[in-house]
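Please read the structure below before turning to the comments.
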Amino acid sequence: MKKRKVLAMLLAFAMTFSLAACGSSGGNDDQANSDANTESGSDEDAIPDNEITGDPSAKDAFVVWAWNTDFTTLQDLLVEKYPDLKDRLVFVNCGGSSYYQDKIDALLDDPSNELYPDMMLLEVGYVQKYVQSDYLMSLKDLGITDADTADQFSYNIELGSDKDGVQKASFWQATPGCIQIRADLAEKYLGTTDQAELEKTFSSWDSILEAARKVNDASGGKVKLFSGYDDLKYIFLNGARTVGWYDDNDVIQMDPAMEEYMEYSKTLYDEDLTFNTTMWGTDWAALKDGDGEKSEACIAFAGCPWYTYWSLTDTWDKNTILVDAPVQFYWGGTGLAATAKCADTDVAAEIIKSCTCDKDFMTSIYEANGDFVNNQKAISDIVANNLKGASTFSLYGDQNIPEFFSTRGQNVDVSLVTAEDMTINETLFPAAVTAYATGESDMDTAIKDFKAAVHDTYSYLKVE
């Protein structure tokens with residue numbers, strides 16, 4: 001990517017997330033809610049102060065930036081392994097995903113600032129923004145080799161690499177997607193809790209639509225298959241696309257699969273087959289615990305390892321069946337990267353190598369916080385030895401969470417990911433989907449308005 005384009009992209013992100021921060025109700029520290037944070041809004045006065053642990057003024061301070069507290073578990077494990085880090089690590093929690101890029105971008109050109117990040121945590125939605133820039137060091141410059149990363153899922157290596165294949169960010173989590181089914185409601189309205197039969201039901205969009213109609217009719221509209229068409233967006237966005245958001249000439253384009261999603265959403269809306277909720281809303285959350293009689297409920301949610309462990313409620317404990325979506329997709333994940341002016345590259349290498357390459361250390365991460373780690377040998381050991389993570393959540397019958405996801409991460413395709421994905425996927429495209437699904441716009445107008453919004457946000461992307 002040319003430097004001109006990188007600079008324009010950074011400016012566009014700064015403007016976008018300044019606006020997001022000015023209108024957000026405040027960031028939620030949970031990873032599960034980071035997607036919602038990027039879309040929420042508040043007054044500028046509500047932008048939270050950074051929460052800082054450690055002494056950034058110390059001569060040997062090593063500063064790590066994040067938007068929530070997920071890193072603290074890793075930090076505890078790192079201090080056990082490297083006791084000298086206890087008084088050196090400075091952890092900056094910016095207070096929410098909405099504010100992260102805006103805050104950190106202001107520091108990246110100011111290495112003299114005591115809060116300049118030596119290491120950054122990066123979400124998949126914007127990891128490419130930084131990977132394609134000069135702000136990060138390569139793993140090889142840190143002494144981390146291809147042999148060290150050989151057991152990582154290949155899609156995560158690609159996500160953390162620039163256009164020349166140079167890896168700069170390294171992930172400790174893998175996040176292959178699935179569909180999570182509530183067993184008691186599936187038995188009542190779909191007539192089975194057999195995983196193989198449910199796999200057939202969710203194997204195509206046509207069969208899912210047929211099941212949605214069946215559930216809606218049988219329950220008198222009290223139970224829906226999915227809570228809203230919004231619940232399907234990551235399956236399409238992170239799995240069904242075959243064309244990127246813009247071509248090699250920076251011309252904005254629309255993937256036929258995205259038009260299919262828009263049409264599918266309209267069908268669900270027109271036939272009243274969902275409750276038309278938006279993910280992370282209170283009405284969306286309430287549907288997880290409905291009984292389908294006195295209160296509304298839905299049978300299925302799109303998911304991934306962290307969602308299954310931490311975002312399903314007690315109603316779903318020992319009552320959840322995992323199946324594949326019509327296409328393999330991914331959802332979320334967090335990478336680690338050392339900045340170009342990192343004060344101590346040896347420490348950066350220790351942290352990244354331990355958290356994202358070391359099988360035994362990554363197994364300890366799983367045991368400490370339940371993360372489905374980005375190391376295939378570690379996952380194999382976890383499955384073979386039936387190791388327990390921090391979460392006590394378990395599935396229906398004899399399904400096992402790490403075992404289910406162990407093979408799904410091998411088929412994830414991230415070749416179309418761009419630096420602009422978070423804003424387009426979380427805000428601009430969903431607005432177009434809703435406009436068309438609800439009848440506010442016809443298809444041509446919705447797509448035209450979408451392309452105009454993308455251009456307005458990223459002026460270097462063109463409309464033709």
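Annotations for the structure displayed:
- Label-point gap, in nm, between Ser112 and Thr313 - each point 7 angstrom along Cα→Cβ: 5.4 nm
- DSSP bridge orientation in the chain - percent antiparallel, rounded to nearest 5: 70 percent
- Relative counts (whole %) of C-alpha pair distances in segment 286-402, using bins that are 10 Å wide: 12, 34, 30, 15, 7, 1
- Peptide ranges 49-59, 354-364 listed from the most packed, as the mean C-beta count within 10 angstrom indicates: 354-364, 49-59
- The angle between the Cα long axis of helix 97-108 and the longest principal axis of the Cα atoms of the chain comes to about 20 degrees, rounded to the nearest 10.
- Likely footprinting exposure, Thr423, Thr282, fewest C-beta neighbours within 10 Å first: Thr282, Thr423
- By DSSP, the beta bridges lying fully in segment 54-193 are antiparallel in about 10 percent of cases.
- Nearest 10 degrees, 0 to 90: helix 205-219 Cα axis against the chain principal axis: 60 degrees
- Spin-label pair Glu51/Lys359, simplified geometry with 7 Å Cα→Cβ offset, distance in nm: 3.6 nm
- Global form of the chain, assessed from the alpha-carbon gyration tensor, a/c cut-off 1.5: oblate
- Rounded to 10°, Cα long-axis angle of helix 3-22 versus longest principal axis of the chain: 60 degrees
- Gap separating the Cα centres of segment 288-355 and segment 391-464, nearest whole Å: 16 Å
- Cα centroid separation - segment 151-168 against segment 70-141, whole Å: 18 Å
- A cut-off of 5 Å between modelled amide H atoms, ignoring neighbours fewer than 5 places along the same chain, links Leu136 with Ala340.
Only the coordinates and a few stated rules stand behind these numbers; no lab work does. Quantities reported herein were computed from a predicted structural model and do not represent experimental measurements. Virtual Cβ from ideal backbone geometry, glycine too; neighbours counted across all protein chains shown.
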